[in-house]
Amino acid sequence: MSSKRCALKMHYGIVYIHSIQDISHIFKGWKAARSSYLYCQEFRVRRSMKIFDLDEDILSMVVSYLSISEARELSATARGFHALARQRALSELVLASPTDLTKAHAFMLLDIPNRLRWLRDLRVDIDERFILHHTNHLADLLENAHALQNIHVTSSETWVWSEPRIGDALLHLENLRRIGFSQVGQRVLKVVSSMRSCPVQVDLHGPSGWYRSPVMPTKDSQPADFASLMRSIMPHQRINSLDLSLSHLPLVVRLLDAALQWSTVVHLTISVSFKNAPFPDELVRCFPNLRTLRVHGPEIAISSPGQRQHFWPKLDYVHGSPIAIGYWNTSCPVYHLSLYTHFAVPAPCSRPHLAAIRDSRAHDAVEGTISVIQQVSPVVLTLNSSLACDFMGLDDHHWTTMLQSAPRLRLLDIDLRRLSGEQFLRWKERVPAVLACSGVVCLLLGIHPYSVDDSHAIPQQLAEAVPSLSYIAIACTSYPLVSDAESYGMFCEDSSWGWWRIIETESWREAQALSPEHGAQLATRFYSPSYHLEERQVDGQ
């Protein structure tokens with residue numbers, strides 16, 4: 001809750017809700033005072049009102065931003081908010097253990113009209129070893145949760161195999177918008193293909209690793225394959241976001257059915273191995289209107305099968321490793337390219353054969369990175385810490401070649417938190433001179449606190465070294481930053497970021513601090529493909 005912000009736009013102003021404490025303050029202030037001040041960005045208006053003068057839709061919006069525990073607390077302590085907060089508290093249910101399922105079954109079914117009717121999100125993540133003893137409980141919940149909108153079930157094939165009522169209940173749910181099933185088999189895919197609901201977000205994950213059910217006999221196992229997985233979602237032609245994990249499904253055969261096409265899918269996440277990766281052309285044919293693509297695998301440098309004949313005209317966002325993107329051969333303009341690698345460069349070694357492996361791995365990663373960047377010519381480029389520090393590192397030749405391969409590049413987001421203090425100083429001495437020859441107007445740097453003594457001096461140093469820069473953001477933290485992959489390439493607001501605007505005159509350039517809110521607004525605009533950052537003079541905005 002603390003990381004979310006709810007902006008209530010009304011005819012008298014905007015109220016920002018950051019946490020339950022804010023609601024408490026508003027509640028107390030509005031109830032006690034005869035008049036209140038509402039502050040917004042443009043104006044201030046005085047109006048006499050009470051919290052309950054707000055209509056139910058606005059109050060529901062406020063309560064929807066609370067966590068389940070906060071909503072439960074508010075329901076128990078604030079009489080006026082009891083009904084709305086109670087609905088919020090009952091809207092989500094996470095079943096992580098057999099005890100959770102037993103308690104939820106007893107509580108929800110005791111008063112179905114006033115409890116189970118409010119359930120909207122259900123997640124079942126119970127260890128497969130305990131499934132056989134609790135199948136009836138889950139079936140009872142699903143048969144009565146008619147308003148359910150989102151569901152995610154792990155070990156889904158075992159649940160459906162152990163209790164047919166579960167599959168039948170899923171078939172008859174009519175309001176599902178998001179469905180997610182892991183360890184899918186033919187039984188689950190049959191349920192998916194016959195669902196009455198029209199989901200807009202579908203996540204289907206095959207077995208992980210060398211999976212073998214501890215409950216289901218091998219003779220009853222009905223493993224899925226890529227073709228049957230795709231056919232199972234054929235009836236659902238309103239899917240907007242699709243997440244497919246095929247890493248451990250059987251070998252892929254070519255999809256020859258031209259009718260397998262989803263024109264509504266704009267977000268695709270696909271996880272594959274080198275043994276069962278689909279043909280790249282098949283993705284273009286199946287998803288002709290795709291806008292964002294997140295690929296996980298194959299992580300072995302192999303050539304795409306056959307000659308590429310079809311390409312998307314352009315993509316808004318592509319996320320993956322250089323090796324994986326190289327396989328998919330995404331040879332089209334990409335607005336935002338996010339590259340990562342989880343393979344660290346081995347430590348220097350005196351043994352010749354290990355040194356050769358180390359040099360070869362680093363060379364392949366750099367060459368793959370530059371090749372992908374050259375193919376897609378991104379406007380926004382994100383490099384994760386392993387790629388930026390271990391592979392690109394302190395070699396100004398690597399950075400020069402990379403920037404020359406991206407003539408449209410305007411925003412560069414690099415995570416340097418793996419660099420030591422000495423390494424960061426060397427990076428700061430070498431790389432900004434390379435950036436000075438680029439068209440980068442916005443630079444985001446992730447830096448480890450132990451790498452610098454004074455992070456506030458860095459913006460001024462970069463402003464003087466890179467004449468094209470208009471904005472600088474620095475996150476000096478050891479905590480993980482929110483990945484843009486979670487938001488399909490959009491900027492994820494994080495309190496760790498500090499922002500500076502470069503003010504320029506005829507004789508000097510100065511880095512002027514901005515508020516985090518202003519910086520986040522700018523970044524949100526720059527990350528959006530509709531903003532066309534490569535065509536704008538950012539200084540004038």
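The values are calculated or read from the model by the stated rules, or taken from the named source; none is laboratory data. Small disclaimer: the values here were computed from a predicted structure and weren't measured. FYI the Cβ positions are ideal-geometry reconstructions off the backbone, even for glycines, and counts take in every protein chain you see.
If you scan the range 126-163, which residues turn out to be of a type in the set (Asp, Glu) and either touching a strand residue (DSSP E or B) at 6+ places or on another chain (Cβ under 7 Å) or part of a strand (DSSP E or B) (or both)?
Selection gives Glu157 alone.
Report, ordered by the first and then the second residue, all pairs with beta carbons closer than 7 Å, sequence separation of six or more or different chains, a first member in the range 120-149 that is within 13 Å of Glu163 (Cα to Cα) and modelled with pLDDT under 95, and a second member that is assigned to a loop (DSSP other than H, G, I, E, B) and among the aliphatic types (A, V, I, L, M).
Ile131/Val215; Leu132/Val215
If you go through the range 266-274 one residue at a time, do you hit one that is touching a Gly at 6+ places or on another chain (Cβ under 6 Å) and in a loop (DSSP other than H, G, I, E, B)?
Checked against the condition, which is being touching a Gly at 6+ places or on another chain (Cβ under 6 Å) and in a loop (DSSP other than H, G, I, E, B), the range 266-274 yields at least one hit.
I'd like the residue in the range 485-502 that is over 16 Å from Glu517 (Cβ atoms), touching a strand residue (DSSP E or B) at 6+ places or on another chain (Cβ under 6 Å) and of a type outside the set (Ser, Thr, Tyr) and, out of all such residues, is modelled with the lowest pLDDT.
Going through the qualifying residues, I end up with Ala485.
Listed residues Ala457, Ala520; which is more than 21 Å from Ala406 (Cα to Cα), out of contact with any strand residue (DSSP E or B) (no Cβ under 7 Å at 6 or more places or on another chain), among the hydrophobic types (A, V, I, L, M, F, W, C) and buried (at least 19 other Cβ atoms within 10 Å of the Cβ)?
Of Ala457, Ala520, the one residue that is more than 21 Å from Ala406 (Cα to Cα), out of contact with any strand residue (DSSP E or B) (no Cβ under 7 Å at 6 or more places or on another chain), among the hydrophobic types (A, V, I, L, M, F, W, C) and buried (at least 19 other Cβ atoms within 10 Å of the Cβ) is Ala520.
Yes or no: the range 506-514 includes at least one residue that is over 20 Å from the mean Cα position of the chain (by Cα), surrounded by 15 or more Cβ atoms within 10 Å (Cβ to Cβ) and part of a helix (DSSP H, G or I).
no
Of the residues in the range 217-228, how many are of a type in the set (A, V, I, L, M) and more than 18 Å from Trp159 (Cα to Cα)? Outline the logic, then answer.
Narrowing the range 217-228 to residues of a type in the set (A, V, I, L, M): 224, 227.
When the remaining residues are screened for being more than 18 Å from Trp159 (Cα to Cα), the result is 227.
Final tally of qualifying residues: 1.
Just to be sure, is Leu337 among the aliphatic types (A, V, I, L, M), under 26 Å from Val200 (Cα atoms), at pLDDT 80 or above and not assigned by TED's automatic domain parsing to the domain that holds Leu533?
Yes, satisfied.
Filter the range 116-139 down to the residues that are within 19 Å of Glu92 (Cβ to Cβ), touching a helix residue (DSSP H, G or I) at 6+ places or on another chain (Cβ under 7 Å) and buried (at least 17 other Cβ atoms within 10 Å of the Cβ) and list them by number.
Residues satisfying the conditions are Leu116, Trp118, Leu119, Arg120, Val124, Ile126, His137, Leu138.
Looking only at the range 220-274, filter to residues that are closer than 14 Å to His296 by Cβ and of a type outside the set (A, V, I, L, M, F, W, C); which one of those is modelled with the lowest pLDDT?
In this case the residue turns out to be His248.
Got a sec? Which of Leu54, Leu84 is outside the structural domain of Asn114 (by TED's automatic domain parsing) and at pLDDT 75 or above? Talk me through it step by step, then tell me what you get.
Working: Leu54 fails: at pLDDT 75 or above.
Among Leu54, Leu84, only Leu84 is outside the structural domain of Asn114 (by TED's automatic domain parsing) and at pLDDT 75 or above.
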